[in-house]
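The values are calculated or read from the model by the stated rules, or taken from the named source; none is laboratory data. Predicted, not measured: the structure shown is a model, and the values here were computed from it. Cβ: placed from backbone, ideal geometry, glycine included. Neighbour counts: every protein chain shown.
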Amino acid sequence: MSQRIKVAAALKNGPIGALVDVRGWVRTRRESKQGFAFVELNDGSCMANLQIVVDQSVPGYQQFIKQLTTGSSIGVIGELKASPAKGQAVEVHARELTVFGTADAEKYPLQKKGHSFEFLREIAHLRPRTNTFGAMARVRNALCVAIHEFFQSRGFVYVHTPIVTTSDCEGAGQMFQVTTLDLARLAQKQAELDYTQDFFGKRASLTVSGQLEAETFACAVGDCYTFGPTFRAENSNTTRHLSEFWMVEPEMPFYDLNDNMRLAEDFIRSIIKYVLDHCADDMKFFAERIDKTVLETAENIVNHDFARVSYTEAIEILETCGQKFEFPVQWGTDLQSEHERYLAEQKFKRPVILYDYPRAIKSFYMRCNEDGKTVRAMDVLVPRAGEIIGGSQREERLDVLIERMQECGLNPDDYWWYLDLRRYGTVPHAGFGLGLERVLLLLTGMTNIRDVIPYPRTPKHAEF
Ligand code: ATP
Ligand code: MN
């Protein structure tokens, strides 16, 4: 009897001498003059391929060998043997071959290696079969496990916040509308939109953040986090923005901004360490093929404290550093990516937490400082990705919060449930949002955020 085994397991501690059943896709095939063929089999369970040795004497050899082109899917039953070849511990000597599906060598887009990332984006359904995107899928998976482990080991509750929302929150302009109204027909009739006739009876959108709903749970079950897809309709065609991305948002009662910063720092360090420990081969690939500094950067983050400077201090640094920036720096304006990266990459050479931002550029829910000018906000800036976390201590004082909403042009009545948290048993609390894809940029050295998510959505792009 043969034993079905994945390539990763076969290579790691496969049962030498046993009859194994391996299945996957052919990466390459070469024939030797001595009547052998060598097939490199990959099943996605790890970066490495498993070498299959096929002897002429295997039944159906002549016919099989023609079908074993790059991309074809096969099953092999054979003996797992210690390999004499350099660079691999084991190989399989085939006794039985099955071809599940052929892949026409003339047409298969991944027949040749070395395609550009731009080209691969156009075949997003096939790119997971390449080394880079296979590694990305495994690293992304490990990162998500690490995120859950970090919070679960600290007793945080995982909360599912809604994806469809009617709270016309924060950046209404940045939201994708959700509707079942027949827009084409209404446009033809030039009719007014009547949202009471819409599916939810009012205007609905895809969420830009689960924070406000997470706060309601933090004020009930304690430390919690939400982790899911987030949608922003901003038309920013950069290498760091997606229209659909994944965000992790912890929310903690009885935390002030310092507690929040400490958690954010521990969190980033812990999830990066997890990926280094669990995806060594994939990370080695990124270091060898994508950016040779990725391991150094990751280890540097794991082993050093983050710098902490106030926004005001950061502005002074940027104004006096002598560096030329495309966008001018001035107290009161939001930092651009070039400023964030200068601070993390050149000035501090490690992650930096900026805190106490001008209230005019930050959201209504951030706690106001006594100075009347700043709020208890924090951003974590890292090399390569720039801002990966935005967070704050939340305003827990009802009167101040209502005043801030008015200052920001929001109608407090629309947020009646959010204000209830301040009416009934309010507590100081804090939280932050981490962009999953920004962490992947940092970890893997990929330079375009479209290449760290399976199916990127960006303005004018949602083909798959
Ligand atoms: P940025 O200034 O980089 O546009 P932001 O300040 O608008 O980001 P926040 O609202 O603070 O973003 O969101 C929290 C985190 O979510 C950010 O720190 C970032 O890691 C991530 N993020 C925000 N917008 C995007 C996006 N469009 N694509 C991918 N990740 C994003
Ligand atoms: Mn932010």
Report summary line: Reported set for region 18-41 where residues are closer than 14 Å to Thr70 by Cβ and β-branched (Val, Ile, Thr) is Val26, Thr28, Val39
Query raised in the report: When you go through Asp291, Asp305 one by one, which is the residue that is in a loop (DSSP other than H, G, I, E, B) and over 21 Å from the mean Cα position of the chain (by Cα)?
Result: Asp305
Query raised in the report: What single numbered condition from (1) within 16 Å of ligand 2 (Cβ to nearest atom); (2) farther than 22 Å from Asp291 by Cβ; (3) surrounded by 22 or more Cβ atoms within 10 Å (Cβ to Cβ); (4) free of Cβ contacts under 8 Å to residues at least 40 places away in the same chain fails to hold for Tyr357?
Result: (4)
Query raised in the report: Just one of Thr297, Thr312 is over 30 Å from Phe176 (Cα atoms), over 26 Å from the mean Cα position of the chain (by Cα) and of a type in the set (Ser, Thr, Tyr); which is it?
Result: Thr312
Report task. Could you check Lys113 against (1) under 23 Å from Val208 (Cα atoms); (2) in a loop (DSSP other than H, G, I, E, B) and say which number it fails? Result -> (1)
Report task. Looking at (1) closer than 17 Å to Ala48 by Cα; (2) of a type outside the set (Val, Ile, Thr); (3) not in a helix (DSSP H, G or I), find the lone condition where Ala137 falls short. Result -> (3)
Query - region 319-354, subset among the charged types (D, E, K, R) and in a helix (DSSP H, G or I), residue surrounded by the fewest Cβ atoms within 10 Å (Cβ to Cβ) - result: Glu319
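Residue by residue, here is whether (1) buried (at least 21 other Cβ atoms within 10 Å of the Cβ); (2) at pLDDT 95 or above; (3) within 16 Å of ligand 2 (Cβ to nearest atom); (4) part of a strand (DSSP E or B) holds:
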{"site": "Val375", "(1), (2), (3), (4)": "yes, yes, yes, yes"}
{"site": "Asp379", "(1), (2), (3), (4)": "yes, yes, yes, yes"}
{"site": "Ile388", "(1), (2), (3), (4)": "yes, yes, yes, yes"}
{"site": "Ile402", "(1), (2), (3), (4)": "no, yes, no, no"}
{"site": "Gly409", "(1), (2), (3), (4)": "no, no, no, no"}
{"site": "Trp417", "(1), (2), (3), (4)": "no, yes, no, no"}
{"site": "Asp420", "(1), (2), (3), (4)": "no, yes, no, no"}
{"site": "Ala430", "(1), (2), (3), (4)": "yes, yes, yes, yes"}
{"site": "Leu442", "(1), (2), (3), (4)": "yes, yes, yes, no"}
Query raised in the report: From Arg232, Arg269, which residue is in the same structural domain as Leu381 (by TED's automatic domain parsing), more than 17 Å from Leu381 (Cα to Cα) and not aromatic (Phe, Trp, Tyr)?
Result: Arg232
Query raised in the report: So which pairs qualify, if the first residue must be in region 78-101 and farther than 15 Å from Val7 by Cα, the second must be in a strand (DSSP E or B) and among the acidic types (Asp, Glu), the Cβ gap must be under 8 Å, and the two must be at least 6 apart or on different chains?
Result: Ala85/Glu91; Arg95/Glu79
Query raised in the report: Out of Glu345, Glu370, Glu395, Glu316, which single residue is under 26 Å from Thr238 (Cα atoms) and either touching a residue at least 60 places away in the same chain (Cβ under 8 Å) or more than 16 Å from ligand 2 (Cβ to nearest atom) (or both)?
Result: Glu345
Requested in this report: Just name the residue that is farthest from ligand 2 (Cβ to nearest atom) out of those in region 217-235 that are polar (S, T, N, Q) and in contact with a strand residue (DSSP E or B) (Cβ under 9 Å, 6 or more places away or on another chain).
Outcome: Thr226
Requested in this report: Mind listing just one residue for me: the one in region 81-97 that is within 37 Å of the chain's Cα centre (by Cα) and assigned to a strand (DSSP E or B) and, of those, surrounded by the most Cβ atoms within 10 Å (Cβ to Cβ)?
Outcome: Val92
Query raised in the report: If we keep just the residues of region 171-213 that are β-branched (Val, Ile, Thr), part of a loop (DSSP other than H, G, I, E, B) and over 24 Å from the mean Cα position of the chain (by Cα), which is surrounded by the most Cβ atoms within 10 Å (Cβ to Cβ)?
Result: Thr179
Report summary line: Within region 52-75, of all residues that are under 18 Å from Arg129 (Cβ atoms) and not in a loop (DSSP other than H, G, I, E, B), the one nearest to the chain's Cα centre (by Cα) is Ser73
